[in-house]
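For reference, the structure discussed in these notes is given below.
The values are calculated or read from the model by the stated rules, or taken from the named source; none is laboratory data. Just so it is clear, the structure is predicted and the values come from calculations on it, not from any experiment. Note that we place each Cβ from the backbone using ideal geometry, even for glycine, and neighbour counts take in every protein chain shown. SASA here: full protein model, heavy atoms, side chains in, ligands and nucleic acids out. Shrake-Rupley method; radii C 1.70, N 1.55, O 1.52, S 1.80 Å.
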Amino acid sequence: MAVILVVEDEPLVRMVAVEVLADAGHKVLEAGDGLEALDVLRSTAADMLITDVQMPRMNGYQLAEVSIERWPAMKVLLVTGYARDAVPAGIASAAIHTIHKPYDIDRLPALVTELLNKS
């Protein structure tokens with residue numbers, strides 16, 4: 001079982017991802033934006049951060065940058081509905097992965113397991 005933080009500003013999208021990952025046996029934390037996510041991470045260690053890119057207050061790229069600096073062992077999965085551009089050079093890392101919306105929610109648990117098992 002992994003501890004996963006799902007960060008998504010759309011409540012319904014976040015709820016579905018949380019439910020699917022919890023049903024797969026993970027402990028799932030949630031946050032509505034990047035600043036809220038940092039508060040969660042300060043108090044609870046997570047194995048993986050799954051974050052939307054486009055969010056108010058702090059976008060997913062900014063959250064990923066802070067997260068890999070403070071918690072380098074944590075894997076980061078960026079979820080974006082925008083152009084398939086590369087992860088900004090400042091946060092490019094073996095711990096960063098990207099999926100594009102719309103994605104198959106039923107495949108999310110398998111993808112999480114795959115990414116967590118990558119070194």
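Laid out as a table, the results:
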{"quantity": "Structure-derived volume of the Cα convex hull per residue in Å³: which label, when the choices are (i) 83; (ii) 141; (iii) 93", "calculated": "(iii)"}
{"quantity": "Exposure ranking of V7, V16 by accessible area [1.4 Å probe, largest first]", "calculated": "V16, V7"}
{"quantity": "Contact order relative to length of region 27-78, as percent, for alpha carbon pairs under 8 angstrom and 6 or more apart", "calculated": "40 percent"}
{"quantity": "By average C-beta atoms within 10 angstrom, highest first, the peptides 105-111, 32-38", "calculated": "32-38, 105-111"}
{"quantity": "Order by protection proxy (mean Cβ within 10 Å, highest first), peptides 9-15, 43-49", "calculated": "43-49, 9-15"}
{"quantity": "Cα-based reach from K101 at 23 Å (exclusive), listing lysines while leaving out same-chain residues under 8 positions away", "calculated": "K75, K118"}
